[in-house]
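Okay, structure first, notes after.
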Amino acid sequence: MGQFILTVSCRNTVGIVAAIATRLAANGGDIRQAQQFDDEETGSFFARIAVAMQDGTAAFEEGFSEDASRFDLKWTLRPADRKRKVLILVSKFDHCLGDLLYRMRIGELNMECVGIVSNHPASALNVTQHHGIPYHHFPISRDTKTEQEERIKRVITETGAELVILARYMQVLSDGFSAYLSGRCINIHHSFLPGFKGAKPYHQAHERGVKMIGATAHYVTGDLDEGPIISQDVEHVTHADTPDDLVSKGRDIERRVLARAVAYHLEDRVLINGRKTVVFT
């Protein structure tokens with residue numbers, strides 16, 4: 001039997017779960033796992049359902065379209081084992097890139113990296129796992145920003161990339177490009193947002209004598225570092241830690257937070273809820 005993931009979001013009302021379960025049962029769907037969340041603040045409903053189906057999904061999708069129209073549902077249905085095509089953007093800080101490629105190679109992340117884009121040449125990176133993956137060196141300046149982003153758009157279109165990952169890509173995206181990527185681009189911010197925004201957040205944290213540092217993975221929106229948060233983590237530090245110590249510890253946090261967020265997205269565990277997210281773990 002094929003394994004599929006069904007995600008649903010809509011205004012909460014009576015009968016949604018019953019309609020989903022009835023439609024699945026009518027088409028031979030065997031629910032293996034189901035998670036749901038009712039947001040009382042917004043009156044919204046979210047669900048992630050893992051289901052096995054014997055004869056494919058065509059009949060279910062045709063019938064479920066009627067339910068979707070009746071309840072005004074937003075929904076997706078994907079094969080659970082299908083690799084998602086991913087494009088990774090990176091600058092000179094390549095620790096997150098190397099970690100993602102390693103996790104992909106060992107099967108921990110169910111994805112296919114269809115390309116790497118950087119504003120620096122490949123020789124500027126220390127990782128070696130990118131060999132065999134198309135590498136696009138697109139230099140950027142204030143005068144060529146629009147042209148450079150159009151080149152990235154062409155790569156996205158030509159490769160069929162479903163997710164773009166900013167793996168410490170140290171360029172501010174334009175509002176138009178951010179809107180183009182909305183809901184399908186994940187950024188790792190080297191700070192525990194909201195706080196210590198802007199340049200050198202670890203140095204800001206050091207000056208304030210913080211006792212923990214963190215990192216935040218979030219979806220990209222037109223508001224810089226204000227997109228819906230997917231995953232965060234922290235690391236304890238002490239008065240004896242230097243800014244370099246914080247940077248070193250921060251690299252480890254960034255790697256694991258970004259990898260976790262990417263995994264959640266690839267497994268359809270993240271649903272956007274306004275400025276927030278619902279994450280089914």
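The values are calculated or read from the model by the stated rules, or taken from the named source; none is laboratory data. These numbers were taken from a predicted model, which means no experiment stands behind them. Note that each Cβ is placed from the backbone with ideal geometry, even for glycine, and that neighbours are counted across all protein chains shown.
The sole residue among GLY183, GLY107 that is at positive phi and surrounded by 12 or more Cβ atoms within 10 Å (Cβ to Cβ) is GLY183. Note on the range 66-87: among residues that are of a type in the set (A, V, I, L, M) and closer than 12 Å to GLU267 by Cα, the one that is surrounded by the most Cβ atoms within 10 Å (Cβ to Cβ) is LEU77. Scanning the range 78-104 for residues that are in a helix (DSSP H, G or I) and hydroxyl-bearing (Ser, Thr, Tyr) yields one hit, TYR102. Looking at (1) of a type in the set (Lys, Arg); (2) more than 27 Å from the chain's Cα centre (by Cα); (3) loosely packed, with under 14 Cβ neighbours inside 10 Å, can you tell me which one ARG23 breaks? Result: ARG23 fails condition (3) only. Here ARG23 passes the criteria (1) part of a strand (DSSP E or B); (2) in contact with a Phe, Trp or Tyr (Cβ under 9 Å, 6 or more places away or on another chain) except the one numbered (1). Scanning the range 110-157 for residues that are without any contact (Cβ under 8 Å) to a residue 12 or more places away in the chain and farther than 19 Å from SER178 by Cα gives SER123, THR128, HIS131, GLY132. Those residues that are out of contact with any helix residue (DSSP H, G or I) (no Cβ under 9 Å at 6 or more places or on another chain) and either of a type outside the set (Gly, Ala, Ser) or not assigned by TED's automatic domain parsing to the domain that holds SER191 (or both), I need them from the range 258-274; list them, please. ARG260, TYR264, HIS265, LEU266, GLU267, ASP268, LEU271, ILE272, ASN273 - these are the residues of the range 258-274 that are out of contact with any helix residue (DSSP H, G or I) (no Cβ under 9 Å at 6 or more places or on another chain) and either of a type outside the set (Gly, Ala, Ser) or not assigned by TED's automatic domain parsing to the domain that holds SER191 (or both).
Answer yes or no as to whether VAL90 is in the same structural domain as GLY183 (by TED's automatic domain parsing), among the aliphatic types (A, V, I, L, M) and surrounded by 14 or more Cβ atoms within 10 Å (Cβ to Cβ). When the stated conditions are applied, VAL90 passes them. Checked against the criterion of being over 11 Å from the mean Cα position of the chain (by Cα) and either of a type in the set (Ser, Thr, Tyr) or assigned by TED's automatic domain parsing to the domain that holds GLY183 (or both), the candidates VAL220, VAL247 yield just one match: VAL247. Applying a threshold of 8 Å to beta carbon distances and a minimum spacing of six or more residues, or different chains, the list of pairs starting in the range 27-42 at a residue that is of a type in the set (A, V, I, L, M) and ending at one that is surrounded by 16 or more Cβ atoms within 10 Å (Cβ to Cβ) reads ILE31/LEU24; ILE31/ILE49; ILE31/ALA50; ILE31/VAL51; ALA34/ALA47; ALA34/ARG48; ALA34/ILE49; ALA34/ALA50.
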